[in-house]
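Since the structure comes first, as structure tokens, the remarks are kept for the end.
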Amino acid sequence: MYPPHNPDQVITLNIKRIHIYAILLTFVFVVIGIFAAVLVHEESSFSFSIRGILLWAVLYILLIVLHEAFHLIGFMIWGKCKKNDLVYGINRELGVAYAGTKKVLPVSAMKKALLLPFWVTGMLPFIAGIWLNSTVLIVTSAFLIGGAAGDFSMYRQLRRAKKGSFVLDHLHEPVLYVFNKKVDSPY
């Protein structure tokens, strides 16, 4: 897929670096979550069991699906995308689930859509896990927070774009095309 015009900026994500960042974020949030739960409840419920691992796996898969769904919801709310503008799936080669849009969006809309899943599927369950003293919920949400590493990387790079810029998501690669002026979608 090629952009409709020469982009003013091309953002290419380093997937290996993002995977390392994701692992570190996950570990840090597991530690923070368990420590916070101990502070709040004055005891630890941290334990491993087959039931807990199975519950983690089910919650993790469910929250990954919801994570991508919230990107799509963000594209529809802030980017005014229609259902046929949306794409989603799993890139087995890169080892990531993805959600994107065929539509050229304002950078401000893309930034909001990038962070929505972090708040809903990462931080909300994380806080609930601490409140409920639930190791499974804390660990699952820490994995989802770590899984948002690519979203954080895109967001950070989009912050450098000029105000009023537009962005086109490459549908098959971890690349964003930034345009200083509105362009038509190539799809």
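Within the set of pairs 6 or more residues apart or between chains, which connect a residue that is of a type in the set (K, R) inside the range 112-125 to a residue that is at pLDDT 95 or above with Cβ atoms less than 7 Å apart?
Qualifying pairs under 7 Å: K112/G74; K112/W78.
Taking the condition of being aromatic (F, W, Y) and touching a Gly at 6+ places or on another chain (Cβ under 7 Å), how many residues in the range 60-109 meet it?
1
Enumerate the pairs (first residue in the range 34-60 and without any contact (Cβ under 8 Å) to a residue 12 or more places away in the chain; second residue anywhere and exposed (fewer than 15 other Cβ atoms within 10 Å of the Cβ)) with beta-carbon separation below 7 Å, excluding pairs fewer than 6 apart on the same chain, so at least 6 apart or on different chains.
V38/S44
Return the residues of the range 72-86 that are out of contact with any Lys or Arg (no Cβ under 6 Å at 6 or more places or on another chain), farther than 16 Å from P117 by Cβ and either of a type outside the set (S, T, N, Q) or part of a strand (DSSP E or B) (or both); say none if nothing qualifies.
Passing the criteria: K80, K82, K83.
Got a sec? Which of A109, A142, A128 is of a type outside the set (S, T, Y), at pLDDT 95 or above, over 26 Å from P186 (Cα atoms) and surrounded by 19 or more Cβ atoms within 10 Å (Cβ to Cβ)?
On inspection, the qualifying residue turns out to be A142.
The values are calculated or read from the model by the stated rules, or taken from the named source; none is laboratory data. Since the structure is predicted, the reported quantities are computational estimates derived from the model, not experimental observations. Note: ideal-geometry Cβ built from the backbone for every residue, glycine included; neighbour counts use all protein chains shown.
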